[in-house]
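Q: Can you keep this structure in mind? I'll have questions shortly.
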Amino acid sequence: MKMGFELNLTQTQKLIMTPELRQAIQILQFNNVELMEFIYKQLEVNPFLESVDNKNQDSSNEEIDTKYEKEERNDDVDWKDITERYDDLSYKAYERNIDSDEKQSFESYTSKKMSLKDHLMVQLGVSVKTNKEKRIGEFIIESLDNKGYLSCSVQDISLLLNEDVVEVERVLRLIQTFDPVGVGARNLSECLMIQLKEKGIQDKNAYIIAESYLEDIASNRIQKIAKDLHITVSRVQGICDIIKMLEPKPSRGFIVDSDNIRYIVPDVTVERINNEYIIIVNDNNLPTLTISNYYKSMVSDLDDKEANKFLTDKLNSSMWLIKSIEQRRKTLYKVTESILKFQRKFFDEGKTSLKPLVLKDVADDIGVHESTVSRATNGKYVQTPRGLFELKYFFASSINESDGDGISSTSVKTQIQKFINEENTQKPLSDQKIAEMLSENGINISRRTVAKYRDEMRIPASSMRRRY
(Lines give C-alpha, C1' and ligand atoms only; values in the text may rest on other atoms or scores of the structure.)
Protein backbone atom coordinates (compact mmCIF):
# COMPACT_ATOMS: atom_id res chain seq x y z
CA MET A 1 0.00 0.00 0.00
CA LYS A 2 1.46 3.30 -1.09
CA MET A 3 1.40 6.12 1.47
CA GLY A 4 2.44 9.72 0.93
CA PHE A 5 1.54 13.40 1.04
CA GLU A 6 -0.17 15.12 -1.85
CA LEU A 7 -1.63 18.58 -2.50
CA ASN A 8 -5.12 18.71 -3.97
CA LEU A 9 -7.28 21.77 -4.80
CA THR A 10 -10.94 21.43 -3.85
CA GLN A 11 -13.61 24.06 -4.57
CA THR A 12 -16.30 24.40 -1.89
CA GLN A 13 -19.00 26.91 -0.96
CA LYS A 14 -19.37 28.20 2.58
CA LEU A 15 -21.52 30.78 4.24
CA ILE A 16 -19.20 32.95 6.32
CA MET A 17 -20.62 35.42 8.83
CA THR A 18 -18.43 38.46 8.38
CA PRO A 19 -18.41 41.19 11.06
CA GLU A 20 -20.29 43.49 8.67
CA LEU A 21 -23.02 40.89 8.12
CA ARG A 22 -23.32 40.30 11.86
CA GLN A 23 -23.70 44.05 12.37
CA ALA A 24 -26.41 44.28 9.71
CA ILE A 25 -28.37 41.44 11.35
CA GLN A 26 -27.97 43.09 14.74
CA ILE A 27 -29.20 46.46 13.44
CA LEU A 28 -32.26 44.80 11.90
CA GLN A 29 -33.16 43.36 15.31
CA PHE A 30 -32.91 46.73 17.10
CA ASN A 31 -36.01 48.74 17.87
CA ASN A 32 -35.91 52.54 17.72
CA VAL A 33 -34.61 53.06 21.26
CA GLU A 34 -31.89 50.41 20.95
CA LEU A 35 -30.85 51.67 17.52
CA MET A 36 -30.51 55.22 18.83
CA GLU A 37 -28.25 54.06 21.66
CA PHE A 38 -26.16 52.04 19.20
CA ILE A 39 -25.77 55.00 16.81
CA TYR A 40 -24.60 57.33 19.59
CA LYS A 41 -22.01 54.77 20.67
CA GLN A 42 -20.74 54.53 17.09
CA LEU A 43 -20.53 58.33 16.87
CA GLU A 44 -18.19 58.25 19.86
CA VAL A 45 -15.79 55.59 18.54
CA ASN A 46 -15.85 56.21 14.78
CA PRO A 47 -14.37 59.58 13.71
CA PHE A 48 -15.78 59.25 10.17
CA LEU A 49 -19.36 59.37 11.40
CA GLU A 50 -21.01 62.74 11.86
CA SER A 51 -24.51 63.74 12.79
CA VAL A 52 -26.04 66.34 10.50
CA ASP A 53 -27.13 68.45 13.48
CA ASN A 54 -23.61 68.36 14.94
CA LYS A 55 -22.18 69.22 11.55
CA ASN A 56 -24.42 72.27 11.26
CA GLN A 57 -23.51 73.25 14.80
CA ASP A 58 -19.81 72.91 14.02
CA SER A 59 -20.15 75.06 10.91
CA SER A 60 -21.99 77.76 12.87
CA ASN A 61 -19.26 77.65 15.51
CA GLU A 62 -16.63 78.03 12.79
CA GLU A 63 -18.44 81.11 11.49
CA ILE A 64 -18.48 82.60 14.98
CA ASP A 65 -14.78 81.84 15.48
CA THR A 66 -13.96 83.40 12.11
CA LYS A 67 -15.91 86.50 13.07
CA TYR A 68 -14.03 86.83 16.35
CA GLU A 69 -10.71 86.28 14.57
CA LYS A 70 -11.51 89.12 12.19
CA GLU A 71 -12.36 91.37 15.10
CA GLU A 72 -9.10 90.44 16.83
CA ARG A 73 -7.10 91.23 13.70
CA ASN A 74 -8.72 94.64 13.45
CA ASP A 75 -6.44 97.03 15.30
CA ASP A 76 -8.85 99.99 15.02
CA VAL A 77 -11.17 98.86 17.81
CA ASP A 78 -13.48 101.47 19.27
CA TRP A 79 -13.22 100.51 22.94
CA LYS A 80 -15.39 103.46 24.01
CA ASP A 81 -18.25 102.15 21.89
CA ILE A 82 -17.80 98.66 23.32
CA THR A 83 -17.87 99.85 26.95
CA GLU A 84 -21.02 101.91 26.29
CA ARG A 85 -22.84 98.93 24.77
CA TYR A 86 -21.70 96.51 27.47
CA ASP A 87 -21.86 98.72 30.55
CA ASP A 88 -23.53 96.02 32.62
CA LEU A 89 -20.87 93.33 33.20
CA SER A 90 -22.98 91.25 35.59
CA TYR A 91 -24.13 87.73 34.71
CA LYS A 92 -27.54 87.45 33.05
CA ALA A 93 -29.50 84.24 32.65
CA TYR A 94 -30.28 83.12 29.15
CA GLU A 95 -33.72 84.28 28.04
CA ARG A 96 -35.53 82.26 25.40
CA ASN A 97 -37.08 84.23 22.59
CA ILE A 98 -40.79 83.45 22.55
CA ASP A 99 -41.08 84.33 18.87
CA SER A 100 -38.30 81.95 17.87
CA ASP A 101 -38.96 78.76 15.96
CA GLU A 102 -37.80 76.58 18.85
CA LYS A 103 -40.71 75.04 20.72
CA GLN A 104 -40.59 73.62 24.18
CA SER A 105 -41.39 69.96 24.50
CA PHE A 106 -44.38 68.58 26.35
CA GLU A 107 -42.09 67.40 29.14
CA SER A 108 -41.22 71.03 29.91
CA TYR A 109 -44.73 71.58 31.24
CA THR A 110 -45.15 68.32 33.17
CA SER A 111 -44.21 68.04 36.82
CA LYS A 112 -41.84 65.38 38.08
CA LYS A 113 -43.45 62.72 40.21
CA MET A 114 -42.35 62.55 43.83
CA SER A 115 -40.93 59.29 45.07
CA LEU A 116 -42.74 57.34 47.78
CA LYS A 117 -40.00 57.86 50.35
CA ASP A 118 -39.83 61.61 49.72
CA HIS A 119 -43.61 61.80 50.04
CA LEU A 120 -43.47 59.99 53.40
CA MET A 121 -40.53 62.07 54.64
CA VAL A 122 -42.53 65.26 54.10
CA GLN A 123 -45.42 63.86 56.16
CA LEU A 124 -43.03 62.63 58.84
CA GLY A 125 -41.51 66.09 59.21
CA VAL A 126 -44.85 67.63 60.19
CA SER A 127 -46.02 64.70 62.34
CA VAL A 128 -43.22 64.06 64.85
CA LYS A 129 -42.01 66.32 67.63
CA THR A 130 -38.72 64.87 68.87
CA ASN A 131 -35.48 63.97 67.10
CA LYS A 132 -35.78 60.41 68.41
CA GLU A 133 -39.15 59.94 66.70
CA LYS A 134 -37.77 61.45 63.50
CA ARG A 135 -34.74 59.14 63.59
CA ILE A 136 -36.94 56.05 64.06
CA GLY A 137 -39.39 57.21 61.39
CA GLU A 138 -36.67 57.85 58.82
CA PHE A 139 -35.21 54.40 59.44
CA ILE A 140 -38.64 52.77 58.97
CA ILE A 141 -39.28 54.70 55.75
CA GLU A 142 -35.87 53.74 54.37
CA SER A 143 -36.67 50.10 55.20
CA LEU A 144 -39.79 49.98 52.99
CA ASP A 145 -39.64 47.73 49.93
CA ASN A 146 -40.83 48.59 46.43
CA LYS A 147 -44.44 47.69 47.35
CA GLY A 148 -44.52 49.98 50.38
CA TYR A 149 -44.26 47.16 52.95
CA LEU A 150 -41.88 47.12 55.92
CA SER A 151 -39.15 44.66 55.00
CA CYS A 152 -37.78 44.07 58.50
CA SER A 153 -39.30 43.38 61.92
CA VAL A 154 -39.85 45.89 64.72
CA GLN A 155 -37.45 43.91 66.93
CA ASP A 156 -34.66 44.25 64.36
CA ILE A 157 -35.19 48.01 64.14
CA SER A 158 -35.17 48.23 67.96
CA LEU A 159 -31.82 46.42 68.15
CA LEU A 160 -30.22 48.44 65.34
CA LEU A 161 -31.30 51.80 66.75
CA ASN A 162 -31.00 50.79 70.41
CA GLU A 163 -34.53 52.02 71.07
CA ASP A 164 -37.46 50.52 72.95
CA VAL A 165 -39.70 48.16 70.94
CA VAL A 166 -42.82 49.96 72.17
CA GLU A 167 -41.48 53.28 70.88
CA VAL A 168 -40.64 51.79 67.46
CA GLU A 169 -44.10 50.21 67.27
CA ARG A 170 -45.73 53.57 68.11
CA VAL A 171 -43.83 55.40 65.33
CA LEU A 172 -44.72 52.59 62.91
CA ARG A 173 -48.41 52.99 63.76
CA LEU A 174 -48.03 56.71 63.04
CA ILE A 175 -46.47 56.06 59.62
CA GLN A 176 -49.28 53.62 58.81
CA THR A 177 -51.68 56.58 59.00
CA PHE A 178 -49.78 58.43 56.27
CA ASP A 179 -50.78 58.71 52.64
CA PRO A 180 -50.95 56.36 50.73
CA VAL A 181 -53.19 54.27 52.98
CA GLY A 182 -51.66 50.90 53.82
CA VAL A 183 -48.03 51.98 53.61
CA GLY A 184 -45.76 50.55 56.31
CA ALA A 185 -47.73 47.31 56.63
CA ARG A 186 -45.74 44.17 57.35
CA ASN A 187 -47.82 41.88 55.11
CA LEU A 188 -50.79 41.92 52.77
CA SER A 189 -53.35 41.16 55.50
CA GLU A 190 -52.21 44.10 57.64
CA CYS A 191 -52.22 46.37 54.57
CA LEU A 192 -55.84 45.46 53.78
CA MET A 193 -56.96 45.84 57.39
CA ILE A 194 -55.42 49.33 57.56
CA GLN A 195 -57.42 50.31 54.47
CA LEU A 196 -60.62 48.79 55.90
CA LYS A 197 -60.14 50.83 59.06
CA GLU A 198 -59.53 53.99 57.05
CA LYS A 199 -62.78 53.41 55.13
CA GLY A 200 -64.67 53.14 58.42
CA ILE A 201 -65.72 49.50 58.05
CA GLN A 202 -67.23 48.37 61.37
CA ASP A 203 -67.98 44.72 60.51
CA LYS A 204 -65.50 42.57 62.44
CA ASN A 205 -66.00 39.73 59.93
CA ALA A 206 -64.35 41.89 57.27
CA TYR A 207 -61.18 42.09 59.36
CA ILE A 208 -61.29 38.35 60.09
CA ILE A 209 -61.61 37.52 56.39
CA ALA A 210 -58.80 39.94 55.43
CA GLU A 211 -56.52 38.41 58.07
CA SER A 212 -57.21 34.68 57.71
CA TYR A 213 -59.11 33.90 54.49
CA LEU A 214 -57.21 35.59 51.65
CA GLU A 215 -56.38 32.26 49.99
CA ASP A 216 -60.04 31.25 50.13
CA ILE A 217 -60.98 34.58 48.49
CA ALA A 218 -58.46 33.93 45.73
CA SER A 219 -59.97 30.46 45.15
CA ASN A 220 -63.56 31.81 45.39
CA ARG A 221 -64.38 29.49 48.27
CA ILE A 222 -67.19 31.74 49.46
CA GLN A 223 -69.30 28.94 50.95
CA LYS A 224 -66.41 27.70 53.11
CA ILE A 225 -65.89 31.18 54.57
CA ALA A 226 -69.62 31.56 55.25
CA LYS A 227 -69.72 28.20 57.00
CA ASP A 228 -66.69 28.97 59.19
CA LEU A 229 -67.98 32.41 60.24
CA HIS A 230 -71.66 31.36 60.48
CA ILE A 231 -72.87 34.14 58.19
CA THR A 232 -74.74 34.16 54.89
CA VAL A 233 -73.04 33.62 51.56
CA SER A 234 -74.30 36.94 50.19
CA ARG A 235 -72.74 38.77 53.14
CA VAL A 236 -69.40 37.09 52.53
CA GLN A 237 -69.69 37.98 48.83
CA GLY A 238 -70.20 41.65 49.71
CA ILE A 239 -67.20 41.68 52.06
CA CYS A 240 -65.04 40.01 49.41
CA ASP A 241 -66.10 42.63 46.86
CA ILE A 242 -64.93 45.38 49.23
CA ILE A 243 -61.61 43.63 49.89
CA LYS A 244 -60.99 43.14 46.15
CA MET A 245 -61.35 46.90 45.62
CA LEU A 246 -58.54 47.67 48.08
CA GLU A 247 -54.98 48.44 46.96
CA PRO A 248 -52.55 45.55 47.63
CA LYS A 249 -49.56 47.68 46.58
CA PRO A 250 -49.60 51.06 48.39
CA SER A 251 -46.60 52.35 46.41
CA ARG A 252 -48.53 52.27 43.14
CA GLY A 253 -48.44 55.69 41.52
CA PHE A 254 -45.17 56.70 43.18
CA ILE A 255 -41.61 56.40 41.94
CA VAL A 256 -39.62 53.72 43.76
CA ASP A 257 -35.91 53.02 43.52
CA SER A 258 -36.39 49.71 41.69
CA ASP A 259 -38.57 51.19 38.94
CA ASN A 260 -37.10 50.90 35.46
CA ILE A 261 -39.84 52.29 33.29
CA ARG A 262 -39.39 51.78 29.57
CA TYR A 263 -41.96 53.45 27.36
CA ILE A 264 -42.96 51.89 24.06
CA VAL A 265 -41.87 53.93 21.06
CA PRO A 266 -43.62 52.67 17.90
CA ASP A 267 -41.22 51.80 15.12
CA VAL A 268 -43.86 52.14 12.41
CA THR A 269 -47.06 54.19 12.14
CA VAL A 270 -50.01 53.24 9.95
CA GLU A 271 -52.43 56.10 9.32
CA ARG A 272 -55.74 56.02 7.49
CA ILE A 273 -56.31 58.87 5.04
CA ASN A 274 -59.35 58.86 2.73
CA ASN A 275 -59.89 55.09 3.03
CA GLU A 276 -56.20 54.47 2.25
CA TYR A 277 -53.48 53.43 4.68
CA ILE A 278 -50.16 55.25 4.76
CA ILE A 279 -47.07 53.58 6.28
CA ILE A 280 -44.53 55.80 8.03
CA VAL A 281 -41.30 54.41 9.46
CA ASN A 282 -40.62 56.39 12.63
CA ASP A 283 -36.96 57.29 12.22
CA ASN A 284 -37.29 61.06 12.74
CA ASN A 285 -35.80 60.80 16.23
CA LEU A 286 -32.71 59.03 14.89
CA PRO A 287 -29.70 61.21 14.03
CA THR A 288 -28.92 61.53 10.34
CA LEU A 289 -25.43 60.16 9.72
CA THR A 290 -22.92 61.45 7.17
CA ILE A 291 -19.26 60.79 6.38
CA SER A 292 -16.79 63.41 7.59
CA ASN A 293 -15.12 65.15 4.66
CA TYR A 294 -12.11 66.04 6.81
CA TYR A 295 -11.24 62.44 7.66
CA LYS A 296 -12.17 61.27 4.16
CA SER A 297 -9.53 63.57 2.67
CA MET A 298 -7.05 62.45 5.32
CA VAL A 299 -7.14 58.88 3.97
CA SER A 300 -5.59 59.91 0.66
CA ASP A 301 -3.08 62.33 2.20
CA LEU A 302 -1.52 60.06 4.84
CA ASP A 303 1.69 58.20 4.03
CA ASP A 304 1.71 56.08 7.21
CA LYS A 305 0.44 52.60 6.25
CA GLU A 306 -0.85 51.69 9.72
CA ALA A 307 -2.71 54.98 10.16
CA ASN A 308 -4.04 54.70 6.61
CA LYS A 309 -5.27 51.16 7.28
CA PHE A 310 -6.98 52.28 10.50
CA LEU A 311 -8.75 55.13 8.76
CA THR A 312 -9.75 52.92 5.82
CA ASP A 313 -11.32 50.36 8.17
CA LYS A 314 -13.22 53.10 10.00
CA LEU A 315 -14.41 54.54 6.68
CA ASN A 316 -15.70 51.16 5.49
CA SER A 317 -17.34 50.55 8.84
CA SER A 318 -19.15 53.89 8.77
CA MET A 319 -20.36 53.37 5.20
CA TRP A 320 -21.61 49.88 6.05
CA LEU A 321 -23.42 51.22 9.12
CA ILE A 322 -25.27 53.85 7.08
CA LYS A 323 -26.15 51.24 4.48
CA SER A 324 -27.41 48.80 7.17
CA ILE A 325 -29.63 51.44 8.77
CA GLU A 326 -31.17 52.27 5.41
CA GLN A 327 -31.64 48.57 4.67
CA ARG A 328 -33.39 48.14 8.03
CA ARG A 329 -35.78 50.97 7.19
CA LYS A 330 -36.64 49.46 3.80
CA THR A 331 -37.14 45.97 5.25
CA LEU A 332 -39.35 47.29 8.04
CA TYR A 333 -41.45 49.18 5.51
CA LYS A 334 -41.85 46.15 3.23
CA VAL A 335 -42.79 43.84 6.13
CA THR A 336 -45.42 46.30 7.40
CA GLU A 337 -46.75 46.78 3.88
CA SER A 338 -47.11 43.03 3.45
CA ILE A 339 -48.84 42.66 6.83
CA LEU A 340 -51.22 45.45 5.86
CA LYS A 341 -52.04 43.64 2.63
CA PHE A 342 -52.77 40.32 4.37
CA GLN A 343 -54.59 41.83 7.36
CA ARG A 344 -56.55 44.61 5.61
CA LYS A 345 -59.85 43.41 7.15
CA PHE A 346 -58.34 43.76 10.63
CA PHE A 347 -57.51 47.42 10.03
CA ASP A 348 -61.01 48.00 8.61
CA GLU A 349 -63.16 45.96 11.02
CA GLY A 350 -61.19 45.04 14.15
CA LYS A 351 -59.78 42.05 16.04
CA THR A 352 -62.51 39.59 15.03
CA SER A 353 -61.38 39.89 11.40
CA LEU A 354 -57.75 38.95 12.02
CA LYS A 355 -56.73 36.25 9.52
CA PRO A 356 -54.25 33.40 10.02
CA LEU A 357 -50.76 34.46 9.01
CA VAL A 358 -47.31 32.91 9.31
CA LEU A 359 -43.82 34.28 8.71
CA LYS A 360 -43.47 32.30 5.50
CA ASP A 361 -46.40 34.14 3.89
CA VAL A 362 -44.79 37.53 4.42
CA ALA A 363 -41.32 36.24 3.53
CA ASP A 364 -42.53 34.86 0.19
CA ASP A 365 -44.45 38.06 -0.51
CA ILE A 366 -41.45 40.40 -0.13
CA GLY A 367 -38.81 37.91 -1.31
CA VAL A 368 -36.72 37.42 1.83
CA HIS A 369 -36.00 34.58 4.25
CA GLU A 370 -38.31 33.81 7.17
CA SER A 371 -35.55 34.63 9.64
CA THR A 372 -35.34 38.15 8.20
CA VAL A 373 -39.07 38.67 8.80
CA SER A 374 -38.70 37.28 12.31
CA ARG A 375 -35.86 39.68 13.13
CA ALA A 376 -37.69 42.62 11.58
CA THR A 377 -40.83 42.02 13.67
CA ASN A 378 -39.30 40.91 16.96
CA GLY A 379 -39.74 43.52 19.70
CA LYS A 380 -41.07 46.20 17.33
CA TYR A 381 -44.43 47.96 17.58
CA VAL A 382 -46.77 49.61 15.11
CA GLN A 383 -49.19 52.43 15.89
CA THR A 384 -52.46 51.85 14.01
CA PRO A 385 -55.94 53.43 14.05
CA ARG A 386 -56.94 50.32 16.07
CA GLY A 387 -54.29 50.92 18.72
CA LEU A 388 -50.68 50.02 19.45
CA PHE A 389 -49.70 46.45 18.56
CA GLU A 390 -46.53 44.42 18.41
CA LEU A 391 -45.77 43.32 14.86
CA LYS A 392 -45.76 39.70 16.06
CA TYR A 393 -49.43 40.18 17.01
CA PHE A 394 -50.49 39.91 13.37
CA PHE A 395 -49.02 36.42 13.03
CA ALA A 396 -51.56 33.91 14.38
CA SER A 397 -52.09 30.21 13.91
CA SER A 398 -55.00 28.92 11.82
CA ILE A 399 -58.11 27.11 13.08
CA ASN A 400 -60.36 25.41 10.55
CA GLU A 401 -63.98 26.48 10.30
CA SER A 402 -66.87 24.27 9.31
CA ASP A 403 -66.99 25.78 5.82
CA GLY A 404 -63.34 24.91 5.22
CA ASP A 405 -61.91 28.41 5.65
CA GLY A 406 -59.41 29.28 8.33
CA ILE A 407 -59.73 31.68 11.26
CA SER A 408 -56.94 33.01 13.45
CA SER A 409 -56.53 32.03 17.09
CA THR A 410 -56.61 35.72 18.05
CA SER A 411 -60.09 36.05 16.56
CA VAL A 412 -61.21 32.97 18.53
CA LYS A 413 -59.85 34.47 21.74
CA THR A 414 -61.80 37.66 21.05
CA GLN A 415 -65.03 35.66 20.71
CA ILE A 416 -64.29 33.72 23.91
CA GLN A 417 -63.74 37.00 25.73
CA LYS A 418 -67.06 38.30 24.38
CA PHE A 419 -68.95 35.20 25.57
CA ILE A 420 -67.48 35.50 29.07
CA ASN A 421 -68.25 39.22 29.29
CA GLU A 422 -71.91 38.51 28.49
CA GLU A 423 -72.34 35.42 30.69
CA ASN A 424 -74.57 35.09 33.76
CA THR A 425 -72.17 35.47 36.69
CA GLN A 426 -74.31 33.22 38.88
CA LYS A 427 -74.04 30.45 36.26
CA PRO A 428 -70.78 31.12 34.40
CA LEU A 429 -70.04 29.33 31.14
CA SER A 430 -67.93 26.20 31.36
CA ASP A 431 -65.19 25.49 28.81
CA GLN A 432 -67.36 22.79 27.24
CA LYS A 433 -70.28 25.20 26.88
CA ILE A 434 -68.00 27.81 25.25
CA ALA A 435 -66.74 25.15 22.82
CA GLU A 436 -70.34 24.31 21.90
CA MET A 437 -71.17 27.99 21.36
CA LEU A 438 -68.15 28.37 19.10
CA SER A 439 -69.21 25.27 17.19
CA GLU A 440 -72.59 26.89 16.55
CA ASN A 441 -70.69 29.80 14.97
CA GLY A 442 -68.78 27.43 12.71
CA ILE A 443 -65.58 27.19 14.79
CA ASN A 444 -64.80 23.59 15.74
CA ILE A 445 -62.32 23.44 18.62
CA SER A 446 -62.11 21.15 21.64
CA ARG A 447 -62.74 21.98 25.27
CA ARG A 448 -59.01 21.68 26.01
CA THR A 449 -58.24 24.31 23.35
CA VAL A 450 -60.80 26.65 24.93
CA ALA A 451 -59.15 26.12 28.33
CA LYS A 452 -55.73 26.81 26.79
CA TYR A 453 -56.87 30.09 25.21
CA ARG A 454 -58.66 31.12 28.41
CA ASP A 455 -55.47 30.58 30.41
CA GLU A 456 -53.46 32.60 27.88
CA MET A 457 -55.92 35.48 28.36
CA ARG A 458 -55.60 35.08 32.16
CA ILE A 459 -59.32 34.43 32.60
CA PRO A 460 -60.11 32.21 35.61
CA ALA A 461 -62.16 29.03 35.34
CA SER A 462 -65.95 29.04 35.70
CA SER A 463 -65.77 28.02 39.36
CA MET A 464 -63.59 31.08 40.06
CA ARG A 465 -65.88 33.43 38.13
CA ARG A 466 -69.07 32.35 39.90
CA ARG A 467 -70.89 34.87 42.07
CA TYR A 468 -73.45 33.94 44.71
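Q: Might you tell me the accessible area per residue for region 132-251, computed with a 1.4 Å probe and given in Å²?
A: Accessible area per residue, region 132-251: 52 Å².
Q: Pull out the extension gain between M298 and N285, defined as 0.36 nm times the separation in residues minus the alpha carbon to alpha carbon distance; nm, one decimal. List each step's numbers first, then the result.
A: Values: separation 13, 0.36 × 13 = 4.68 nm, distance 3.08 nm.
So the extension gain works out to 1.6 nm.
Q: Also: What FRET efficiency do you get for L161 and Y40 if R0 is 35 Å and r is their Cβ-Cβ distance, rounded to the nearest 0.05?
A: 0.15
Q: Something else now. For region 35-47, just list the computed ³J(HN,Hα) in residue order, Karplus coefficients 6.51, -1.76 and 1.60, θ = phi - 60°, integers in Hz, with x standing in for Gly and Pro.
A: Per residue, the Karplus-derived 3J(HN,Hα) values read 5, 5, 4, 5, 5, 5, 5, 5, 5, 7, 9, 10, x Hz.
Q: Still on this structure, please answer the following. Any idea of H369's accessible area? Nearest 10 Å², probe 1.4 Å.
A: The accessible area of H369 comes to roughly 120 Å².
Q: Further question on the same structure: At 7 Å along Cα-to-Cβ for each site, give me the label-to-label distance between S374 and H230 in nm.
A: Result: 6.4 nm between the two label points.
Q: Okay, moving on. May I ask which of K330/K413; K14/K323; K345/K433; K323/K345 have a Cα-Cα span longer than 26 Å here?
A: Numbers: K330/K413 33 Å; K14/K323 24 Å; K345/K433 29 Å; K323/K345 35 Å.
Going by Cα-Cα distance, K330/K413; K345/K433; K323/K345 fall outside the 26 Å limit.
Q: Right, next: As an exercise, use a Förster radius of 25 Å and the Cβ-Cβ distance of E276 and D364 to find the FRET efficiency, rounded to the nearest 0.05.
A: 0.50
Q: Report the full-extension gain for the segment M121 to E440: residue separation times 0.36 nm, less the Cα-Cα distance, to one decimal in nm.
A: 108.7 nm
Q: Could you tell me what percent of the accessible area of region 144-253 is made up of carbon and sulfur, with a 1.4 Å probe and every protein chain present?
A: The value for region 144-253 is 52 percent carbon and sulfur by accessible area.
Q: Where the accessible area of region 342-468 is counted over protein heavy atoms with a 1.4 Å probe, how much of it, in %, is carbon and sulfur? Walk me through the intermediate numbers first.
A: Numbers: 2930 of 6860 Å².
After summing per-atom areas, the C and S share lands at 43 percent.
Q: Set Lys and Arg Cβ to +1 and Asp and Glu Cβ to -1, take the dipole of region 342-468 about its Cα centre, and tell me which of A396, Y453, F342 lies farthest positive.
A: Y453
Q: Compute the accessible area per residue over region 253-360, keeping the other protein chains in place, probe 1.4 Å, unit Å².
A: Working: 6840 Å² over 108 residues.
Averaged over the residues of region 253-360, the accessible area is 63 Å².
Q: Using a simple spin-label model with points 7 Å from Cα along the Cα→Cβ vector, what separation in nm is obtained for Q417 and S153?
A: Roughly 4.6 nm, to one decimal.
Q: At 0.36 nm per residue, and after removing the present C-alpha to C-alpha distance, how many nm does the segment from R466 to S219 gain when stretched out fully?
A: 87.9 nm
Q: Enumerate the calculated ³J(HN,Hα) couplings along region 232-245 in order (Karplus 6.51 cos²θ - 1.76 cosθ + 1.60, θ = phi - 60°), each rounded to whole Hz, writing x wherever the residue is Gly or Pro.
A: 6, 5, 5, 5, 5, 4, x, 5, 5, 5, 5, 5, 5, 7
Q: For an R0 of 45 angstrom, estimate the FRET efficiency from the Cβ-Cβ distance between E20 and L388 and round to the nearest 0.05.
A: Given R0 = 45 Å and the Cβ-Cβ separation, E is 0.85.
The values are calculated or read from the model by the stated rules, or taken from the named source; none is laboratory data. Quantities reported herein were computed from a predicted structural model and do not represent experimental measurements. Ideal geometry is used to build each Cβ from the backbone, glycine not excepted, and the neighbour counts take in all protein chains shown. Ligands, DNA and RNA are stripped out before the accessible areas are found, and what is left, the full protein with its side chains, is counted by its heavy atoms. Shrake-Rupley method; radii C 1.70, N 1.55, O 1.52, S 1.80 Å.
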